[in-house]
Amino acid sequence: MTGGRGTPGYAAPELWMPYPITHKCDVYSFGMLLFEIIGRRRNLDIQLPENLEWFRRWVWKNIENGDLGELMKVCEIDDISRETAERMVKTALCCVQYRPEQRPLMSMVVKMLEGAVDIPALSNPFPHLLMETQIPRISALTTWTEASVDSESPSVVTESTLVRTTPTMKNYVIEVAGSSS
C-alpha cells in the first residue's frame, strides 16, 4: 500500500504521516471501534466536559491510575459485564499503540477478546502526546468535506466541520465466543 483514507481519529497515525502503511492500520481502527462499543459513544465528543472529550485518552488515564471504577460507572457497565469490559478496554489499548509494530495481529486480538491469551502489560499508547495538550475545540456546525483538504498537502486541513449524526446507544449486549474444548 502506498496511501490510505480514513476518518481522522479512527485511522492509524501512519495514514497521515510519511510512514509505510501496513495491515496494522486495520488493528488500530478496530481498537477505536472497541472504544466506541465500550463507551457507547464516539471517541471524540465535543459536547462532553473536556476531561471526557477524547475517550481513549481518558480511558488510558484511568487504566494508568488503576481506577477502572470510574470507567465502569461512566460507561454504565454492570458488575456482571465488568470482566468482559475490562478485557475489551485493555485489548483496545493494545490495538491503538502509536507504533504499528507494537500493535498485535488481529488473530491475537481475537484471542485476547475471547480470554484465550493473557493481555500483555500495557504501555502508554500516546507517547507522542507526553506533554499535556488540549484538543482544539471545533464548531459543531461544521462538516468534513473532500474540499476541506488542501490538495498540495493532504495532511493539512484548511476548513473543518463536524456533524454529529450517530445517536448514543443506551444498551449493548456483547457476547464473546469461547472454545468448547
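Please indicate, with yes or no, whether at least one residue in the range 123-136 is modelled with pLDDT of 85 or more and of a type in the set (Phe, Trp, Tyr). No, the range 123-136 contains no residue that is modelled with pLDDT of 85 or more and of a type in the set (Phe, Trp, Tyr).
Here is the figure for the range 43-102: residues that are within 30 Å of residue 21 (Cβ to Cβ) and at pLDDT below 85 total 10.
Candidates are the residues of the range 9-32 that are of a type in the set (A, V, I, L, M, F, W, C) and within 24 Å of residue 111 (Cβ to Cβ); the one that is surrounded by the most Cβ atoms within 10 Å (Cβ to Cβ) is 12.
The values are calculated or read from the model by the stated rules, or taken from the named source; none is laboratory data. These numbers come from a predicted model, not from an experiment. Cβ atoms come from the backbone with ideal geometry, glycine included; neighbour counts cover every protein chain shown.
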